[in-house]
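Participant: Pasting a structure below so you can have a look.
The values are calculated or read from the model by the stated rules, or taken from the named source; none is laboratory data. What you are looking at is a predicted structure, and each value in this text was computed from that prediction instead of being measured. Cβ coordinates were reconstructed from backbone atoms using ideal geometry, including for glycine residues, and neighbour counts include every protein chain displayed.
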Amino acid sequence: MNSKGQLLLVSGLLMSITLIAVSSTITHSVNLGAHQGERHDLTPQISIIEKNFPLALEHQVIQDDGSVAISDTFAQVSESFESLFASRGISLSFTLTSSSLDSGEYTFVYDYTIGDGVITIKLSKTTEF
C-alpha cells in the first residue's frame, strides 16, 4: 500500500473516532439536561405562595370581619392553596404556629412545606397586616 493510501486511511479513521466522541458527548449532555434542575425547580411555586398567600389571607380576614376565628380563617385559606397546588401535582401543607390580633394588627406565624415528590422544602413565615 502506498503512503498516500495509508495517510487517507488513517485520517478517515481519526475522523470517525472524532465523530463518535463528539456525538457521544452531545448525547450525554442532552441526557444530563433532561434529568436536572428545571423539572424539580420549586422556585416559581414558592414565589406564588410568598406573593399571594398573605394577600389571600388578608382578604379573607377582612371578608370575615371578625365573625370567624382568625385561626379558622387561616385554615380556610391554607386549605384552598393546598388543594390548588395538589391539582397541579405539588404537595403543599401549611401549619399555623400562632396567630394574634393586637390593636388592629393581625400577625400570623406559620410554616409551609412544599414538595414535588423529589424535592421537599420547609419554610417559616410571619405575616403582619
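Participant: Report whether or not residue 117 is under 13 Å from the mean Cα position of the chain (by Cα), at pLDDT below 90 and not hydrophobic (A, V, I, L, M, F, W, C).
Facilitator: yes
Participant: Just the residues that are without any contact (Cβ under 8 Å) to a residue 40 or more places away in the chain, among the β-branched types (Val, Ile, Thr) and surrounded by 15 or more Cβ atoms within 10 Å (Cβ to Cβ), please, taken from region 69-96.
Facilitator: Passing the criteria: 70, 73, 77.
Participant: On the given criteria, is residue 57 in contact (Cβ under 8 Å) with a residue 40 or more places away in the chain and over 16 Å from the mean Cα position of the chain (by Cα)? Steps first, please.
Facilitator: Details: in contact (Cβ under 8 Å) with a residue 40 or more places away in the chain: yes; over 16 Å from the mean Cα position of the chain (by Cα): yes.
When the stated conditions are applied, residue 57 passes them.
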